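Student: My questions all concern the structure below.
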């Protein structure tokens, strides 16, 4: 008899983990449910009762309220002749019965909750997709326009400021309060040439401009701007887009500027300044970057990617792509275009003033004004075809929430007009057994049921027991 008891005890111990796993799994499903906890406790007590009777050599009798998987009472076991397999079957039967009861109670609770549900918790594994990135482009100019056909400078700038740069607006800032600063134009020289006498040569405005862009755009060991044709430039012109218009960066491959030739061929260099600088209008050069080239190449510096500025158009691409004319460099992340002064001299007669400026009687170069004249002069020739074009780019990070509304959920409304009378009857008799509502808004709440965000649908969606809805909410950061 003792041997039989040990055999039974060992069999119970071997089968017990399966029962414990079922109970543990059900307990994790609904730990906060009082009915489920009660059922779990009953299951544990039943398992303990089986073990006690086996140890005492007593028959194992099924309790009246415990049924088998098909509704019949489990067969009683006696000490006269139970086999280990019978004991295991009895334990499995009772464990399965407990699990079935737990599942049934859970389904009933879910059905009851669905009919009157106010909140639905997102399943982070299936309902939420995070860190979705997309690049969004827009026109760089005011009101997200992609073109600019007029440009103005401001008399508000002081004479000293204009020795360093010119601020360019889309409207006349003297007469229009809605004018917007779009970009600035500057001229720099590595050795400080081209400036009127201001202090010493080493402290000239052109030297300060060149040094500023060198430190901002070049790697620490570079002292000169070097272009794709191998030319090192001591003389540069810069177009610097307003950061507020730029967003993340200038959209490479989506900008185009037009420059007309100047009157430099008619004047000596030291007098080609001030009122002598006019747009000749006999030639217009279109400039783009080479990011759209089939054999696209670019440099990467501390300022980000760098593309070449070449002669071409957005419609036709690079002119003579096998041997392009290089005019400068563009730094999209910084929103800066750097043009080779020597190239503008040779191609567009800029005749850049490079006097030393050590003497206060030397002529003021005012070279930055030449770039403004070349750009505005092209607009005068044709404000539509030669309009400045540019777009900005912004990386938008999004989280997508999928709101799944099943047929049994959210078919009622808290709107007072949904019911009538003191008994809360439906205001529409046809709603009995077939209510209908319209989804117009999705509220996003935290665990404390505090409203964090609201998503509006473009049009209402009808909801009833006969249909379901899947709504994707996109939250941008």
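None of the figures in this text is laboratory data; all of them are computed from the coordinates on show. Source: prediction; values computed, not measured. So basically every Cβ, Gly included, is an ideal-geometry build from the backbone, and we count neighbours across all protein chains shown.
Student: Sorted by average packing, counted as other Cβ atoms within 10 angstrom per residue and highest first, what order do 412-421, 448-457 take?
Tutor: The densest-packed peptide leads the list: 412-421, 448-457.
Student: For residue 420 and residue 432, compute 0.36 nm times the residue count separating them, minus their Cα-Cα distance, and round to one decimal in nm.
Tutor: Extra length available between residue 420 and residue 432 comes to 3.0 nm.
Student: When 375, 444 are ordered from fewest to most other Cβ atoms inside 10 Å of their Cβ, what list results?
Tutor: 444, 375
Student: Another question about this same structure. According to a simple spin-label model (label point 7 Å from Cα along Cα-to-Cβ), what is the distance in nm between residue 136 and residue 402?
Tutor: Result for the modelled spin labels: 2.3 nm.
Student: Additional query: Given a Förster distance of 22 Å, report the FRET efficiency between residue 215 and residue 155 from their Cβ-Cβ distance, rounded to the nearest 0.05.
Tutor: 0.10
Student: Also: Taking neighbour counts of Cβ atoms within 10 Å as a proxy for exposure, in what order, fewest first, do 464, 291, 275 appear?
Tutor: If I rank by nearby Cβ atoms, fewest first, I get 275, 464, 291.
Student: Using only Cα atoms, locate the centre of segment 429-468 and the centre of segment 161-232, then give the distance between them in Å, rounded to an integer.
Tutor: About 58 Å separates the Cα centre of segment 429-468 from the one of segment 161-232.
Student: While we're here: How many nm separate the modelled label positions at residue 103 and residue 445, each set 7 Å beyond the Cα in the direction of the Cβ?
Tutor: 3.1
Student: Could you calculate the contour length gain from residue 177 to residue 301, that is, 0.36 nm times the residue separation minus the distance between their Cα atoms, to one decimal place in nm?
Tutor: Result: 40.7 nm gained on full extension.
Student: Sticking with this structure for a sec: How much length is gained if the chain between residue 280 and residue 465 is pulled fully straight, taking 0.36 nm per residue apart and subtracting their Cα-Cα distance, in nm to one decimal?
Tutor: Residue separation times 0.36 nm, minus the Cα-Cα distance, leaves 59.0 nm.
Student: Describe numerically, in nm with one decimal, the distance between label points set 7 Å from Cα along Cα→Cβ at residue 382 and at residue 128.
Tutor: 5.5
Student: Rounded, prolate or oblate: which one fits segment 141-389, using the alpha carbon gyration tensor with axes a ≥ b ≥ c (rounded when a/c is under 1.5, else prolate when a/b beats b/c, else oblate)?
Tutor: Rounded, since a/c falls under 1.5.
Student: Could you order the peptides 185-195, 85-95 from most to least packed, using the average number of other C-beta atoms within 10 Å per residue?
Tutor: So the peptides 185-195, 85-95, ranked by packing, come out 185-195, 85-95.
Student: Sort 404, 214, 121 so that the residue with the fewest other Cβ atoms within 10 Å of its own Cβ comes first and the one with the most comes last.
Tutor: Starting with the residue having the fewest Cβ neighbours, the order is 121, 404, 214.
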